[in-house]
Structure formats: structure tokens, C-alpha cells
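A.B. asks: Starting off with a structure, shown below.
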Amino acid sequence: MPELPEVETLKRALIPLVLNKRLVKLNFLRKNLRFPIPSTKIRKGLLNQDVAKITRRGKYILLHGPDGALLIHLGMSGRFTQAPSMKPFEKHTHAVFKFAPEIYLHYIDPRRFGCLLWVPNNQGHPLLNKIGPDPLGKAITADEMKLLAKNCKKISIKNFLMDSKRIAGVGNIYACETLFAAKISPKKPARRINSSQWTLLLSTLRDILQRSIAAGGTTLRDFYSTDGNQGYYKFSLAVYGKENEPCIVCTQPIKRITQSARSTFYCKECQRP
DNA sequence: AAAACTACCTGAGTGC
DNA sequence: TGCACTCAGGTAGTTT
């Protein structure tokens, strides 16, 4: 499942492939993903234009043309694969790109939770405008997060971390792993996290994301393979999906609880309330 | 208003 | 072997 490190890895893989290259063909194989695909706007904005810039915001990737950008989200099961032609060769191929001279990229997303949208220059997009600071960017600070959490009545730190309006791009896996590494209970109310804990949380989150990206970098070449799963490297997980397995620190069994209809994995012994 | 819940979707896994 | 069922997850939109 693409989380922020996978999206960043995709962005880095796209740069040598399509940056400053011209989009010469673009086919959409269906009208909708999570949202209707504004195919006319996208074709008008990007077809026969050079990709001037490739950026990431949370789990969104933007391919910038002169007048706007193609906004890409991979949802749960989305991926890009390089292919030998425009012809879809895999089930659930929803869009096919050709960049000059002979770069073919297929957008594949079985569950269709992803999206392809258009962001005009200087207008932004409602999906992007509501997103909090990127955990890897400079804009995010412990003071700011503590201030944000101060007004929260009930929300747990785990749900706080996963709320993209507060922090961009932290999914279930990295929320669990970060809280384990920072030794903070996922159930702890966000407003009870003090300054030094916020500093620790943010540095831990950055460290885990960056190490995961670095691990992805080593398998970057797999991006080209037809098996997209190889691009989604398995970062060494300490707690996620490890219910009843011994904690790697204290050997107590890892607990699994449900928070807001999402599984949370944590060590009751190591992670303090 | 804040926080939790639901819908969207398919494939993998389980139990019969 | 196959069928029916459950679960997973990102996040916008809805409900509590």
C-alpha cells in the first residue's frame, strides 16, 4: 500500500523518466476513479507540453505543465509501471501516458481509491488546500503541533497523526511504527503530548520515513519491473501487523486494538500512556 | 465543533 | 473446487 515513502520513491523515479520530457499521448480507460477524471482539462493542460516540475505534497504527486499540474494520488492500491507500449497489459490499467520519445507509463489501481485531477496554476485545489504540513518539510515544528493539539478535547495521538488536515501523509503503518519508536501509547490524548515529546515524535517520524525512503531507493530499479509490489519495499516493521508476536524490545506480546475503525498495533509495556 | 463513522473497491484469506 | 463471507486501507463527506 503506497504510504508517503513509496510516493516519494515514485516521485524520485519519475524525475529521470519524465522531467522535461513532452507528454505526447494520453489515454484514459475509464471516466472515474475515486473522483471523475477531468480528462479534457488534463489533456488540454498537459498534452504536448513538457513536464516542468515534479513535486510531492503528502501522498499526492504533481506533474507540472506550464498552466497547471496533474494531481495524482495512488489511493490504496495504485501504482505506475513502465511498459513497452500504449497497450494495457495488466488488469485495472486506467490511464496510459507516452512521453517523448518512447517512455510509456501505465497507471494501475485495482481498488480505484486513487485519483487523477487537474490543478490550474494559481488556483490550488481543495484537496491540497486542506492538507497540513508535510512531515519531511521545514514547515512542520513541534511548537506548531503542540499548539494544534492544545485545543483538541479527545483525539488520540494516533488519530491525530493520521489526520491529513493536521499532518500530511501519515498512514496507519507509519503512525503505529512512529509511536512505538517514540515509546508513546497510541491511546494517549494528543493534547497531553508535551513539547519534548512532540520534538521526539516529529524527529522519530522523519527518521523512520527517511530510512524507509532510503530503503526504497535501493530497490528503485524495480519500479521498472512489471511487478509493482517490488517497488513497495518492506521497511523493517517493529509492531505493524505483529499481533501476539513478542515485542522486539521487551518480548511482551504486541497488542492490537481498533481506533476509529483502524487497527492499531502497539506494545503496552514499552509505550507509555 | 470535534471526532467518529461510512462509503468507495478489489483481492486475499478463511471457513464451510 | 467453489462459494460466502470478512478484512484491509486513504480520505472526502456525513453523522453523531
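A.B. asks: Can you find even one residue in segment A:90-109 that is small (Gly, Ala, Ser), within 28 Å of A:LYS25 (Cα to Cα) and within 11 Å of DNA strand B (Cβ to nearest atom)?
C.D. replies: Kept after step one, since they are small (Gly, Ala, Ser), are these residues of segment A:90-109: A:95, A:100.
If we keep only those that are within 28 Å of A:LYS25 (Cα to Cα) too, we end up with A:95, A:100.
Those still in the list that are within 11 Å of DNA strand B (Cβ to nearest atom) too: none.
No, segment A:90-109 has no match at all.
A.B. asks: Here are the criteria: (1) farther than 29 Å from A:HIS92 by Cβ; (2) more than 16 Å from DNA strand B (Cβ to nearest atom); (3) at pLDDT 90 or above. Tell me which single one A:GLY124 does not satisfy.
C.D. replies: Of the numbered conditions (1) farther than 29 Å from A:HIS92 by Cβ; (2) more than 16 Å from DNA strand B (Cβ to nearest atom); (3) at pLDDT 90 or above, the odd one out for A:GLY124 is (3).
A.B. asks: Let me ask you something else. Which of the residues spanning segment A:128-154 are in a helix (DSSP H, G or I) and among the polar types (S, T, N, Q)?
C.D. replies: First pass over segment A:128-154, keeping only residues in a helix (DSSP H, G or I): A:128-129, A:142-150.
The one that is in a helix (DSSP H, G or I) and among the polar types (S, T, N, Q): A:ASN129.
A.B. asks: Looking at A:LYS44, A:LYS91, A:LYS87, which is the one that is free of Cβ contacts under 8 Å to residues at least 12 places away in the same chain and either part of a loop (DSSP other than H, G, I, E, B) or crowded, with 20+ Cβ neighbours inside 10 Å (or both)?
C.D. replies: A:LYS87 is the lone residue from the list that is free of Cβ contacts under 8 Å to residues at least 12 places away in the same chain and either part of a loop (DSSP other than H, G, I, E, B) or crowded, with 20+ Cβ neighbours inside 10 Å (or both).
A.B. asks: Can you name every residue in segment A:62-84 that is away from DNA strand C (no atom under 11 Å from the Cβ) and assigned to a loop (DSSP other than H, G, I, E, B)?
C.D. replies: A:GLY65, A:PRO66, A:ASP67, A:PRO84
A.B. asks: Which pairs do you get when a residue that is farther than 18 Å from A:PRO88 by Cβ, found in segment A:23-36, comes within reach of a residue that is of a type in the set (Lys, Arg) and within 13 Å of DNA strand B (Cβ to nearest atom), reach meaning Cβ atoms under 8 angstrom, with the pair 6+ apart or on two chains?
C.D. replies: Short answer, once both residue conditions are applied: A:ARG34/A:ARG112.
A.B. asks: Is it true that A:LYS59 is within 15 Å of DNA strand C (Cβ to nearest atom), surrounded by 20 or more Cβ atoms within 10 Å (Cβ to Cβ) and under 28 Å from A:ARG211 (Cα atoms)?
C.D. replies: yes
A.B. asks: Take A:THR218 and tell me if it is more than 15 Å from DNA strand C (Cβ to nearest atom) and at pLDDT 90 or above.
C.D. replies: Working: more than 15 Å from DNA strand C (Cβ to nearest atom): yes; at pLDDT 90 or above: no.
So A:THR218 fails the test.
A.B. asks: Do we find that A:LYS150 is within 12 Å of DNA strand C (Cβ to nearest atom) and charged (D, E, K, R) in this structure?
C.D. replies: No: the conditions fail for A:LYS150.
A.B. asks: Among the listed residues A:GLU144, A:GLU177, identify the single one that is more than 12 Å from DNA strand B (Cβ to nearest atom), more than 28 Å from A:LEU74 (Cα to Cα) and charged (D, E, K, R).
C.D. replies: Result of the check over A:GLU144, A:GLU177: A:GLU144.
A.B. asks: Using beta carbons and a limit of 7 Å, which pairs, at least six apart or on different chains, have the first residue in segment A:252-270 and within 13 Å of DNA strand C (Cβ to nearest atom) and modelled with pLDDT of 90 or more and the second one among the aliphatic types (A, V, I, L, M) and part of a strand (DSSP E or B)?
C.D. replies: Short answer, once both residue conditions are applied: A:THR264/A:ILE257.
The values are calculated or read from the model by the stated rules, or taken from the named source; none is laboratory data. In this text the structure is predicted, and so the values were computed from the model without any measurement. Cβ atoms come from the backbone with ideal geometry, glycine included; neighbour counts cover every protein chain shown.
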